[in-house]
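Visitor: Before anything else, here's the structure in question.
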Amino acid sequence: MRLGRYELTLEPRPAPPAIFTALTAVVAILLALALSSFLFLSSHTRLIDAYRAVFSYAFFNPHGVLATVHRSIYLLFCTYAFLVPFRAGLWNIGLPGQVYAGGLAAFAVPFVLRAHDPQTLPLPPGLLIVLMIAAAAAAGAATGGFAGVLRAKLQVNEILVTMMLNSILFWLVAYMIKEGGPFMSATGEGESFGLPSSLHAPLLLGVPVTAALALGVAVLLDLLFAKTALGYRIRAFGENPAAARYGGIIPVALSLLVFLLGGAFAALAGYHYFAAVPGVYKIPGNYGYYGDLGFYGIIAALIARGSSLGAVPIVVLFAGLSVGARFAQGELRLPFGVDYALLGLLMMTFVASHVLYHFRFAWRRIPSEALQSVPTELPEG
Amino acid sequence: MSPPDLAPTEPILAARGITKRFPGVLALDHVDLEIQAGEIHAVLGQNGAGKTTLMNILFGLLQPDEGALYLREQRIRFRSPHDALARGIGMVHQTRRLVSAHTVLENIVLGHPRTRGFLNLRGARLEVEALCNRYGFTVPLGARVWQLSEGERQWVEILKALYRGARILILDEPTAALTPPEVKTLLAGLQTLVRDHGVTVLLVTHKLPIVMAVSHRVTVLRSGRVVARLRTADAAEEVLVQHMIGRDIAFRTTNRSAEMGRPLLQVEQLSAFNDKGLLALRGVSFSLREGEVLGVAGVTGNGQEELAQVLAGLRPAASGRVRLDGRDVTRLSPLQRWRMGVGYVPAERIEVASIAAFSLVENTALNYHFDPAFIRRGLLDNAALEQLTRRIVTTYNVKAPSQYARARHLSGGNLQKLILGRVLSRNPRLLIAHLPTQGLDVEAAAFVRATLVEATAEGAAVLLISEDLDEILTLSDWVAPIYEGRFGAIIPRTEADAETVGAMMAGLGMKEAGVR
Ligand SMILES: Nc1ncnc2c1ncn2[C@@H]1O[C@H](COP(=O)(O)OP(=O)(O)OP(=O)(O)O)[C@@H](O)[C@H]1O
Ligand SMILES: [Mg+2]
């Protein structure tokens, strides 16, 4: 773009300094919040009150904070589920299916062991919970691994098959609690049988243990990629599969491994969502819901540039704002869907900041000779 | 600026006082370059001299820190290659940039400013065909790029530039991956473009014979500075070498004692398919002792790549057997072979042997991440890798800003030295070196050859695959000309002469010479 004697260009940024990463994120958040004022215009409250409603509910109100924590845990596991295969250059589009598989497997454990009744638990509750988590992780890993094998070994279109698997698993989840479904509650359709409260995830400092698990995994994953031989192999494969193979990595094994891991993480998200706390699984009216929310896990992984720890604050923000906006929507009679609109805005400003992170605007004074026009075509010969 | 006799007319394109710094490197230091309309202008220089950097500036890919460009003496500024193309400057890069799954036509048309939005392939086809007719090109427009030979791909790149309206063509090392006959065709084609169609060519190379054969004038770069500007007719090869290197080079003599060790490798009737599913290697047999060099001489595409890959474990053998130390290794994985001391230097440095986005240290790890000595409780031992990298960089004279620079910022030759150093640092017992000196300047190539000889002195067996007959004849104990997947013969060095081997490389006289 040319402005008088000056010129504005977008140039690649050589090596962005470290604090720049944090700074761009902050700017992106502020920008999204500023833009979101349009969403609040239709309400009759003052703008400042609308923001206050969103934030105070999400981060200060005890109910709100708990909702934010729950959603963050769910989103974080979705983030990891995407992030691990992504570092190997592979896209985990089977994420929703793996989430459902995790939820199903978690409920299958008490169902099979007839542990509906708190009085007659066949095993100590602690052991049962561990079994539920393990079953969920295994089911998710199997679902993910299926995609991994398809991807690495057979030349079938793994995208199509994975999408089909996603919807099959979704309908399975729905079927299980429909009338006649095995997990149906005694009271009627649309809800599963309730888990005895001794089988809910135990609390640690008032939040379910899955929170500690999610944060622990964030640290471990970053360490994995930065320091370990396995992490190196995954990254090498992601950057250049041919070179990785030359370096002794077996492509099939590696693809399988990352999808097993990714699937297990997605299943933990499913465990958390369906089994950890409410102890009942329901399908909300909007059937796409879990998949939708999981999508923000993908975005968080991309924005954090593959760093699991970097994704934590982003996920908490996504979770908090969507929880807060949903609350404010009811409280201040804002238009329906404000929470998703806010997430959408945030996503867009993050993506824009991503561009700015890698490129910079440069002002240049145009040398006066260059302002004369030059023939654009050379004559032949 | 330049002596008057060298600038009879005003230059069509000029760079004046160009300086470019990268972190830790002064890549170009006040460089002046003037190109006359309708000439073939060679830019000569060693690896890392700054040739590619200068071309990238002329093509708008990089911005100079100082200095300016002039088109017909008008100062211009290119913010992007788009601007350069709009002014009729096209570039064919040192590394191929075609999409191999697409057809030739798609590759030519895609990314053209006019085809943004939607694509009118039929209309474009007519235009490209007209262009082919005009310039006398025969390029199969409907073929997929992966089906083409390197020579044909080069023509596609040139056609692509011309289709975008280039009247000044920048070619960065266009012959690096080509076979000798392809080089001939390319050079003849370039001469036609210049003579009959008024195109101006800027040819970057470090191959003297090419400079001497086709260029009108030559500019020599050394360490980012222009050290000579000459008419080719006035330049002797020795003079150019001296300018390029800055002193006379003493080639290390590569005479080796012919003391051979124990038998190491036996290959029996080895066959393999290529990527297109055709039998590319057809029953090759040979054996190799410790300390021996077998030189496989051939024009690229005669099964050499398949041979190297099968031996390294990267491609399955269709039939036949490979034995190392008497043990059948035909089905072992690449990793198992590395562990048994098989080292492989592939011809594709960027695509296979390195990871562009990784640092030098991480690239070193590519051959070490399975080595228990470099892993502590699952963690990679970064200090050890760093130390090893430092050793490779000093020993092999790799010019790099730092150990944590990305491999993509190394010049082609320096990357090759890094790869070779990395593989040799594992002290392989069998070294498969495929085109190890391709793209290296005279001095670096001499160094690499000396390194290979040193490795044999320490008992390694070397399978040297090369197109350079002189290289093969100076280094090998045995010479095996390869043609269409078969060895014509395996000739002891003392009996091998350039004529016989050259004829066999071309498929003549197969079977006649005695096979060992
Ligand atoms: N993007 C970059 N960042 C840092 N250093 C760079 C970058 N590009 C090039 N260099 C350095 O600049 C110098 C010149 O590199 P250039 O690629 O121009 O060499 P060249 O003459 O083309 O060599 P070759 O014959 O090996 O291709 C080298 O020392 C190289 O390491
Ligand atoms: Mg170069």
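The values are calculated or read from the model by the stated rules, or taken from the named source; none is laboratory data. Keep in mind the model is a prediction, meaning the values are calculated, not measured. With ideal geometry, Cβ positions are generated from the backbone for all residues, glycine too; neighbour counts draw on all protein chains shown. Heavy atoms of the whole protein, side chains included, go into the accessibility calculation; ligands, DNA and RNA do not. Shrake-Rupley method; radii C 1.70, N 1.55, O 1.52, S 1.80 Å.
Visitor: Out of B:ARG231, B:ARG217, I need the residue that is under 23 Å from B:VAL442 (Cβ atoms), modelled with pLDDT of 90 or more and crowded, with 18+ Cβ neighbours inside 10 Å. Which one?
Guide: Exactly one residue qualifies, and that residue is B:ARG217.
Visitor: Could I ask something else about it? With the requirement that a residue be open to solvent by less than 10 Å² (accessible area, probe 1.4 Å) and either hydrophobic (A, V, I, L, M, F, W, C) or under 17 Å from the mean Cα position of the chain (by Cα) (or both), what does the stretch A:206-220 give you?
Guide: A:THR210, A:ALA214, A:ALA218 - these are the residues of the stretch A:206-220 that are open to solvent by less than 10 Å² (accessible area, probe 1.4 Å) and either hydrophobic (A, V, I, L, M, F, W, C) or under 17 Å from the mean Cα position of the chain (by Cα) (or both).
Visitor: Follow-up. If a residue must be closer than 22 Å to B:GLN46 by Cα and buried (at least 21 other Cβ atoms within 10 Å of the Cβ), how many such residues does the stretch B:450-466 contain?
Guide: Taking the stretch B:450-466 first, the residues closer than 22 Å to B:GLN46 by Cα are B:450-452, B:466.
Still in the list and also buried (at least 21 other Cβ atoms within 10 Å of the Cβ): B:452, B:466.
Number of matching residues: 2.
Visitor: Looking at the stretch A:60-81, can you tell me whether even one residue there is part of a loop (DSSP other than H, G, I, E, B), touching a Gly at 6+ places or on another chain (Cβ under 6 Å) and surrounded by 22 or more Cβ atoms within 10 Å (Cβ to Cβ)?
Guide: no
Visitor: So, one more: Within the stretch B:474-493, identify whether any single residue is under 16 Å from the mean Cα position of the chain (by Cα), buried (at least 19 other Cβ atoms within 10 Å of the Cβ) and touching a residue at least 12 places away in the same chain (Cβ under 8 Å), and answer yes or no.
Guide: Checked the stretch B:474-493: no residue is under 16 Å from the mean Cα position of the chain (by Cα), buried (at least 19 other Cβ atoms within 10 Å of the Cβ) and touching a residue at least 12 places away in the same chain (Cβ under 8 Å).
Visitor: Would you point out which residue out of B:GLU268, B:GLU237 is modelled with pLDDT under 90 and open to solvent by 60 Å² or more (accessible area, probe 1.4 Å)?
Guide: Working: B:GLU268 fails: modelled with pLDDT under 90.
Sole residue among the options that is modelled with pLDDT under 90 and open to solvent by 60 Å² or more (accessible area, probe 1.4 Å): B:GLU237.
Visitor: How many residues are more than 14 Å from every other protein chain (Cβ to nearest Cβ) and modelled with pLDDT of 85 or more when one looks only at the stretch B:85-102?
Guide: Residues flagged as more than 14 Å from every other protein chain (Cβ to nearest Cβ) and modelled with pLDDT of 85 or more within the stretch B:85-102 amount to 3.
Visitor: Out of A:GLY94, A:GLY181, A:GLY126, I need the residue that is modelled with pLDDT of 85 or more, open to solvent by less than 50 Å² (accessible area, probe 1.4 Å) and not acidic (Asp, Glu). Which one?
Guide: Only one candidate passes the filter, namely A:GLY94.
Visitor: Taking the stretch B:36-56 on its own, how many of its residues are within 14 Å of chain A (Cβ to nearest Cβ) and either within 13 Å of ligand 1 (Cβ to nearest atom) or open to solvent by less than 20 Å² (accessible area, probe 1.4 Å) (or both)? Working first, answer last.
Guide: Of all residues in the stretch B:36-56, those within 14 Å of chain A (Cβ to nearest Cβ) come to B:36-39, B:56.
Remaining after also requiring either within 13 Å of ligand 1 (Cβ to nearest atom) or open to solvent by less than 20 Å² (accessible area, probe 1.4 Å) (or both): B:36, B:39, B:56.
Final tally of qualifying residues: 3.
Visitor: Of these, B:GLN403, B:GLN438, which one is outside any helix (DSSP H, G or I) and more than 12 Å from ligand 1 (Cβ to nearest atom)? First the steps, then the outcome.
Guide: Values: B:GLN438 fails: more than 12 Å from ligand 1 (Cβ to nearest atom).
From the options B:GLN403, B:GLN438, the qualifying one is B:GLN403.
Visitor: Of the residues that make up the stretch B:148-164, is at least one away from ligand 1 (no atom under 16 Å from the Cβ), more than 14 Å from chain A (Cβ to nearest Cβ) and part of a loop (DSSP other than H, G, I, E, B)?
Guide: From the stretch B:148-164, those away from ligand 1 (no atom under 16 Å from the Cβ) are B:148-164; that's our starting set.
Then keep just the ones that are more than 14 Å from chain A (Cβ to nearest Cβ); that gives B:148-160, B:163.
Pick out the ones that are also part of a loop (DSSP other than H, G, I, E, B) and you get B:148-149.
Checked the stretch B:148-164: at least one residue is away from ligand 1 (no atom under 16 Å from the Cβ), more than 14 Å from chain A (Cβ to nearest Cβ) and part of a loop (DSSP other than H, G, I, E, B).
Visitor: Restricting attention to the stretch B:441-464, report how many residues are in a helix (DSSP H, G or I) and not hydrophobic (A, V, I, L, M, F, W, C).
Guide: Going through the stretch B:441-464 one residue at a time, the tally reaches 5.
Visitor: Please work out which residue is farthest from ligand 2 (Cβ to nearest atom), limiting yourself to the stretch B:38-96 and to residues that are assigned to a loop (DSSP other than H, G, I, E, B) and of a type in the set (Lys, Arg).
Guide: Step one: of the stretch B:38-96, the residues assigned to a loop (DSSP other than H, G, I, E, B) are B:38-39, B:46-50, B:59-65, B:72-73, B:77-80, B:87-88, B:93-96.
Add one more test, that the residue is of a type in the set (Lys, Arg), and what stays is B:72, B:77, B:79, B:87, B:96.
Working: B:ARG72: 27, B:ARG77: 23, B:ARG79: 23, B:ARG87: 23, B:ARG96: 14 Å.
So the residue we want is B:ARG72.
Visitor: Just give me the residues in the stretch B:378-389 being facing chain A (nearest Cβ under 9 Å) and surrounded by fewer than 18 Cβ atoms within 10 Å (Cβ to Cβ), in sequence order.
Guide: Scanning the stretch B:378-389 gives B:GLY378, B:LEU379, B:ASN382.
Visitor: Using the structure shown, decide if A:GLY103 is buried (at least 24 other Cβ atoms within 10 Å of the Cβ) and within 14 Å of A:LEU268 (Cβ to Cβ).
Guide: yes
Visitor: Another one. Considering the stretch B:343-389 alone, what residues qualify as being in a helix (DSSP H, G or I), farther than 26 Å from B:LEU324 by Cβ, more than 25 Å from the chain's Cα centre (by Cα) and not small (Gly, Ala, Ser)?
Guide: Of everything in the stretch B:343-389, those that are in a helix (DSSP H, G or I), farther than 26 Å from B:LEU324 by Cβ, more than 25 Å from the chain's Cα centre (by Cα) and not small (Gly, Ala, Ser) turn out to be B:ASN382, B:LEU385, B:GLU386, B:GLN387.
Visitor: While we're looking at this one, here's another question. Quickly run through the stretch B:322-373 and pick out the residues that are within 11 Å of another protein chain (Cβ to nearest Cβ), within 17 Å of B:ALA460 (Cβ to Cβ) and open to solvent by 20 Å² or more (accessible area, probe 1.4 Å).
Guide: Of everything in the stretch B:322-373, those that are within 11 Å of another protein chain (Cβ to nearest Cβ), within 17 Å of B:ALA460 (Cβ to Cβ) and open to solvent by 20 Å² or more (accessible area, probe 1.4 Å) turn out to be B:TRP338, B:ARG339.
Visitor: Name the one entry in B:PHE22, B:PHE78, B:PHE59 that is open to solvent by 40 Å² or more (accessible area, probe 1.4 Å) and either in contact (Cβ under 8 Å) with a residue 60 or more places away in the chain or more than 16 Å from ligand 1 (Cβ to nearest atom) (or both).
Guide: B:PHE22
Visitor: Does B:LEU294 satisfy being open to solvent by less than 10 Å² (accessible area, probe 1.4 Å) and away from every other protein chain (no Cβ under 14 Å)?
Guide: Answer is yes for this residue.
Visitor: For the subset of the stretch A:238-249 comprising residues that are more than 7 Å from chain B (Cβ to nearest Cβ) and within 13 Å of B:HIS369 (Cα to Cα), which member is surrounded by the most Cβ atoms within 10 Å (Cβ to Cβ)? Step through it out loud before you land on a result.
Guide: Keep residues of the stretch A:238-249 that are more than 7 Å from chain B (Cβ to nearest Cβ), which gives A:238, A:241, A:244, A:249.
Among the residues that remain, those that are also within 13 Å of B:HIS369 (Cα to Cα) are: A:244, A:249.
Details: A:ALA244: 26, A:ILE249: 22.
Checking each candidate, the answer is A:ALA244.
Visitor: Counting only residues that are surrounded by 22 or more Cβ atoms within 10 Å (Cβ to Cβ) and over 15 Å from B:ALA445 (Cβ atoms), which one in the stretch B:399-420 is nearest to ligand 2 (Cβ to nearest atom)?
Guide: Within the stretch B:399-420, the match that is nearest to ligand 2 (Cβ to nearest atom) is B:LEU410.
Visitor: Hey, another quick one. Any residue in the stretch B:190-213 that is in the same structural domain as B:ALA84 (by TED's automatic domain parsing), within 16 Å of ligand 2 (Cβ to nearest atom), among the charged types (D, E, K, R) and open to solvent by 20 Å² or more (accessible area, probe 1.4 Å)?
Guide: Yes: the stretch B:190-213 contains one or more residues that are in the same structural domain as B:ALA84 (by TED's automatic domain parsing), within 16 Å of ligand 2 (Cβ to nearest atom), among the charged types (D, E, K, R) and open to solvent by 20 Å² or more (accessible area, probe 1.4 Å).
Visitor: Any idea how many residues of the stretch B:271-280 are modelled with pLDDT of 95 or more and buried (at least 21 other Cβ atoms within 10 Å of the Cβ)?
Guide: Going through the stretch B:271-280 one residue at a time, the tally reaches 1.
Visitor: Restricting the search to the stretch B:421-442, which residues are open to solvent by less than 10 Å² (accessible area, probe 1.4 Å), under 12 Å from B:ALA460 (Cβ atoms) and out of contact with any Ser or Thr (no Cβ under 9 Å at 6 or more places or on another chain)?
Guide: Matches in the stretch B:421-442: B:VAL423, B:LEU430, B:ILE432.
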